[in-house]
1. How far is it, in nm, from the label point at PHE126 to the one at ASN7 when both lie 7 Å from their Cα along the line to the Cβ?
2. Calculate the FRET efficiency for ARG118 and ASP36 from the Cβ-Cβ distance with a Förster distance of 45 Å, rounded to the nearest 0.05.
3. Please list, ordered by chain and number, the residues whose modelled amide H lies under 5 Å from the amide H of MET129; skip anything fewer than 5 residues away on the same chain.
4. With label points built 7 Å along Cα→Cβ from the Cα atoms of SER147 and VAL43, find their separation and express it in nm.
5. What is the calculated FRET efficiency for GLU101 to ASN55, with r their C-beta to C-beta distance and R₀ = 25 Å, to the nearest 0.05?
Amino acid sequence: MSQNYENALMSIYDNHYCQMVIYAKKIVKTTSIAEDIVQDLFVKLLTKPAVNMINTGFVYVCLKNSAINYISSKKNKNIINDNSIDDLLVESISDLAEIEERERRLRVIISQLPPKCREVLTKIYFEKMKYADAAKEMNLSFHTVKSQMNIAFSTIKKRMNSFLSIILFLVITWNKSF
């Protein structure tokens, strides 16, 4: 296994873990099982690479197959049948497209924030700094950092047009670097 493959796979894990759990949960209906399926998939792809080059689309297909295999192995035919698999796939693909579109819009909005505001947001959410540490590093007061974060959230909320988008932002960024 090449270092590039391993790095690409870990990047996919870091950048898409939350979305993949949501995707798997739509199939298996339980968060803890969805988390297990995602983690097992990445362990399997790390220990037994299926291809030379890895990409997000391939991993999502593997994830879908792993989730469906889980359900099949549990013999819960009342949860899913052949007709609902097609419906589920169409729904999951549209949900994934919607998440990716919101994420793209969010990145554009963040890039348009005033420079100080964007810098504070980056330090707090993407570098996972505490408000006090960011204030000290940027030579700002704690209250200025807090104020800049309020401006950032307010701007994102207005431009994304929903509170749910803010929650999505927090979930996506919690496990991601920007």
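Laboratory data are not the source of any read-out in this text; all were calculated from the coordinates shown. These numbers come from a predicted model, not from an experiment. Positions of Cβ are generated from backbone atoms using ideal geometry, with glycine treated the same way; all protein chains shown enter the neighbour counts.
1. Going from the PHE126 label point to the ASN7 one covers 1.9 nm.
2. The pair ARG118/ASP36 has a calculated efficiency of 0.80.
3. ILE124
4. Distance between label points: 5.0 nm.
5. Values: r = 19 Å, r/R0 = 0.76.
Computed FRET efficiency for GLU101 and ASN55: 0.85.
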